[in-house]
Amino acid sequence: MKERVLQVLRDYKSAVDYEKETALISGGIIDSMEWVELIEKLEKAFQVTIPLEQLTAENFNSADAIVALMEELTKNA
Amino acid sequence: MHRNRESVVACVAGWSESRPDAACIVDRNGMITYGEAWREVCRYAAGLREYGVFDGDYVLTECTQDRRFLLLDLACELLGAVFVPLERGCSKERRDTVLSETEAKLLLTEQDAEAACRHETVASFVDRLPRQGIRERTFPVGDTVAEILYTTGTTGLPKGIEITHLANVALAENIIYGVEMRQDNMELIPLPVSHSHGLRCSYANLVNGSAVVLMEGVTPILDFFSVLDRYPVTAMDLSPSAVLILMKLSRGKLSEYRDRFDYVQVGTAKLGTREKDYLRETLTDARLYDFYGSTESGRTCVIDFNRIRKGEGCIGTATKHAHILVTDEKGEEMVSSRDRMGLLAFSGEMNMRGYFKHPELTATVLRNGIVYSGDLGYIDEDGAVFIMGRQGDIINRGGIKIAPEEVEGPARGLEMIDDCACVAMEDDISGQAPALFVVWKKGAEADPVKLRTLLGEKLDKYRMPKEIYEIDHIPHSENGKILRRELRKLLPGKE
């Protein structure tokens with residue numbers, strides 16, 4: 001799962017150390033329009049819909065947080 | 001209403017007397033009333049005095065997107081100082097250029113910064129505010145300069161636009177009357193208030209005695225809805241990208257608030273058809289306003305696109321203080337129509353005083369109080385104003401002048417087209433002819449012959465593209481304008 005998430009992230013925006021970065025959203029590395037596009041790419045890649053209440057900065061600030069979110073959503077899908 | 005309406009700060013002072021408990025500014029730290037805001041303005045003014053700021057001095061202030069920024073703006077007004085907003089995170093190079101041109105007395109930034117003038121962080125400035133505010137109640141004279149708004153000119157260098165106090169009040173009234181603003185209006189502004197659009201929305205509410213709610217964008221989306229839950233917001237000021245974010249991320253939740261919105265105004269760039277339809281479908285009963293204007297001549301036309309559909313290019317009717325003229329290429333007023341277009345020009349109190357320290361540049365745009373635009377258009381028999389293109393983009397096909405939008409509009413309406421742009425190409429017979437660049441819609445049949453047939457049903461022979469070129473994407477500027485010069489480079493023989 002982590003490799004797939006990292007692949008989506010790297011395909012979307014390169015030159016970011018996704019293994020270490022923990023403030024992708026709150027640190028402005030991914031801006032608001034990019035966030036929207038990334039959400040769409042993740043939803044497409046994992047065949048899920050991310051509910052409104054899960055669209056928090058914390059859930060997208062790091063690759064690990066995104067992995068946890070995707071795992072939760074795919075488990076419930 | 002307060003009798004002195006020559007400046008925004010005088011209006012705020014007036015409301016602090018007549019409506020002291022009414023909401024004025026809401027930000028991440030909560031709400032302040034007009035009574036509280038006015039006391040803070042006086043303290044901020046006293047604070048600025050301690051930094052040596054007096055009448056006529058320039059104060060550069062980086063946007064903090066909260067009450068402090070607006071209070072500093074109003075405090076500068078009260079002292080007769082000139083407020084110069086800088087966007088948040090402004091580059092040092094840009095800041096230094098503005099600093100050098102204005103010879104500012106004080107620079108206020110969000111983070112520590114090095115500068116060639118006295119400088120301070122906004123947080124430190126506020127921490128050191130004196131307890132007592134200034135006691136003088138001398139409001140600025142209307143025709144003096146209130147602020148300089150820097151935009152990026154065509155050369156890429158910043159150019160300062162001088163706006164007087166009276167112009168700011170006129171701009172505010174163009175909005176107030178344009179949106180039929182109620183006094184109990186509470187407007188959510190998630191756009192930067194250092195930019196003319198967000199700043200003028202704020203002024204409109206302050207002049208009207210209404211409230212502004214400041215936010216940094218509409219993401220995280222839950223924060224946006226939490227603000228709507230906490231405060232009785234009745235209006236919003238959105239950019240096209242903010243609408244797009246709401247469309248993609250709100251998961252239908254925005255429609256739950258539909259009964260509460262009086263209006264939404266959209267600005268900063270052209271709103272796309274998809275985003276317009278989304279707002280119409282989501283906020284069915286709200287008035288949905290698109291304003292036309294520039295930093296030089298702001299808020300001159302307005303249209304409620306939820307109620308009025310006058311066709312491609314309509315920007316609505318003139319606002320309260322705006323008078324719109326159509327001129328020929330020499331700047332002489334002319335009678336215009338769909339078949340006889342001219343260049344739009346604007347007069348009225350909202351107009352800029354000029355470009356700061358650039359009289360030659362000013363003279364090219366502003367003459368006898370009229371701001372001349374490069375927008376080609378006409379006014380119809382009902383007084384509705386239409387823009388059909390930019391002066392430099394017009395295609396002259398054997399004397400017939402064609403705006404690119406006249407070709408793009410019908411093409412965009414076809415199912416097979418995702419995006420398109422029209423530019424002038426050289427033509428041996430007629431001098432110029434339209435060339436259409438198209439991006440096919442995913443899954444649609446990419447068939448230029450069929451496209452030409454369908455276009456032939458909508459366009460006359462003069463407007464039919466001479467050539468159709470397929471392209472992966474249409475280049476756009478940051479504010480959504482088509483970069484036609486980039487496309488012109490792609491024409492055969494232009495590399």
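The values are calculated or read from the model by the stated rules, or taken from the named source; none is laboratory data. The structure presented is a predicted model; accordingly, all values stated were derived computationally and were not measured. Virtual Cβ from ideal backbone geometry, glycine too; neighbours counted across all protein chains shown.
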Is there a residue in segment B:8-28 that is modelled with pLDDT of 95 or more, in contact with a strand residue (DSSP E or B) (Cβ under 6 Å, 6 or more places away or on another chain), assigned to a helix (DSSP H, G or I) and in the same structural domain as B:Phe225 (by TED's automatic domain parsing)?
no
Identity of the residue in segment B:253-269, part of a loop (DSSP other than H, G, I, E, B) and in contact with a helix residue (DSSP H, G or I) (Cβ under 7 Å, 6 or more places away or on another chain), that ends up modelled with the lowest pLDDT
B:Ala269
Would you point out which residue out of A:Glu71, A:Glu40, A:Glu53 is in a helix (DSSP H, G or I), among the acidic types (Asp, Glu) and under 10 Å from the mean Cα position of the chain (by Cα)?
A:Glu40
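Here's the yes/no breakdown for (1) buried (at least 23 other Cβ atoms within 10 Å of the Cβ); (2) among the charged types (D, E, K, R); (3) away from every other protein chain (no Cβ under 14 Å):
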residue: B:Met186; (1), (2), (3): no, no, yes
residue: B:Leu191; (1), (2), (3): yes, no, no
residue: B:Ser196; (1), (2), (3): yes, no, yes
residue: B:Leu199; (1), (2), (3): yes, no, yes
residue: B:Tyr203; (1), (2), (3): yes, no, yes
residue: B:Gly209; (1), (2), (3): yes, no, yes
residue: B:Met215; (1), (2), (3): no, no, no
residue: B:Pro220; (1), (2), (3): no, no, no
Of the residues in segment B:179-198, those that are more than 14 Å from B:Phe291 (Cα to Cα), among the acidic types (Asp, Glu) and not in a strand (DSSP E or B) come to B:Asp184
Within segment A:19-37, restricting to residues that are buried (at least 19 other Cβ atoms within 10 Å of the Cβ) and either among the small types (Gly, Ala, Ser) or outside any helix (DSSP H, G or I) (or both), the one that is farthest from the other protein chains (Cβ to nearest Cβ) is A:Leu24
Conditions (1) touching a His at 6+ places or on another chain (Cβ under 8 Å); (2) over 30 Å from B:Val218 (Cα atoms); (3) not hydroxyl-bearing (Ser, Thr, Tyr); number of the one not met by B:Trp15
(2)
Look at segment B:467-495 and say how many of its residues are within 24 Å of B:Gly398 (Cα to Cα), in a loop (DSSP other than H, G, I, E, B) and at pLDDT 90 or above.
2
Hey, any hits in segment B:336-347 for a residue that's exposed (fewer than 15 other Cβ atoms within 10 Å of the Cβ) and of a type in the set (S, T, N, Q)?
yes
Which residue, of A:Val16, A:Val8, is free of Cβ contacts under 8 Å to residues at least 40 places away in the same chain, under 10 Å from the mean Cα position of the chain (by Cα) and away from chain B (no Cβ under 14 Å)?
A:Val8
All-but-one check, B:Thr453 against (1) modelled with pLDDT of 90 or more; (2) among the polar types (S, T, N, Q); (3) in a strand (DSSP E or B), failing number (3)
Could you please give the count of residues in segment B:222-252 that are more than 10 Å from every other protein chain (Cβ to nearest Cβ) and outside any helix (DSSP H, G or I)?
9
Out of B:Ala318, B:Ala345, B:Ala322, I need the residue that is under 22 Å from the mean Cα position of the chain (by Cα) and over 25 Å from B:Gly409 (Cα atoms). Which one?
B:Ala322
Taking segment B:253-270 as the search range and keeping residues that are within 13 Å of chain A (Cβ to nearest Cβ) and of a type in the set (A, V, I, L, M, F, W, C), which one is nearest to B:Lys481 (Cα to Cα)?
B:Ala269
